[in-house]
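Have a look at the structure below, then the notes.
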Amino acid sequence: MITIKVNNKAKQISQAFSVEQLLHDLKQPNQGIAVAINQSIIPKNNWSEEILNEGDDVLIIKATQGG
């Protein structure tokens, strides 16, 4: 197990966990969100390939409507 931070909260995951797997584990929708790891935006088409590492800081940003 490794420890990462997701929106400033510690989370333990197994090694070789992708961004896509993390979102599925967190029951996050695939639409209307952006993901950054260590302050770098990860393009959606790379989510299945981007593997999380010990100490990564993941930020999940949800789109909102308003004016």
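The values are calculated or read from the model by the stated rules, or taken from the named source; none is laboratory data. This one's a predicted model, so the numbers in the text were calculated from it and none came from an experiment. Quick reminder, even Gly has a Cβ in these numbers, built from the backbone with ideal geometry, and neighbours come from all protein chains shown. Please note that ligands, DNA and RNA were not included when accessible areas were found on the heavy atoms of the full protein model with its side chains. Shrake-Rupley method; radii C 1.70, N 1.55, O 1.52, S 1.80 Å.
So the check is Cβ under 9 Å with 6+ separation or different chains; which pairs have a first residue in the stretch 25-37 that's closer than 8 Å to K62 by Cβ and free of Cβ contacts under 8 Å to residues at least 40 places away in the same chain and a second one that's of a type in the set (A, V, I, L, M) and surrounded by 13 or more Cβ atoms within 10 Å (Cβ to Cβ)? These pairs meet every condition: I33/L23; I33/I60.
Residues that are open to solvent by 80 Å² or more (accessible area, probe 1.4 Å) and either touching a Gly at 6+ places or on another chain (Cβ under 7 Å) or at pLDDT 95 or above (or both) number at least 1 in the following strands (runs of 3 or more DSSP E) confined to the chain: 2-6, 9-13, 40-42, 57-62.
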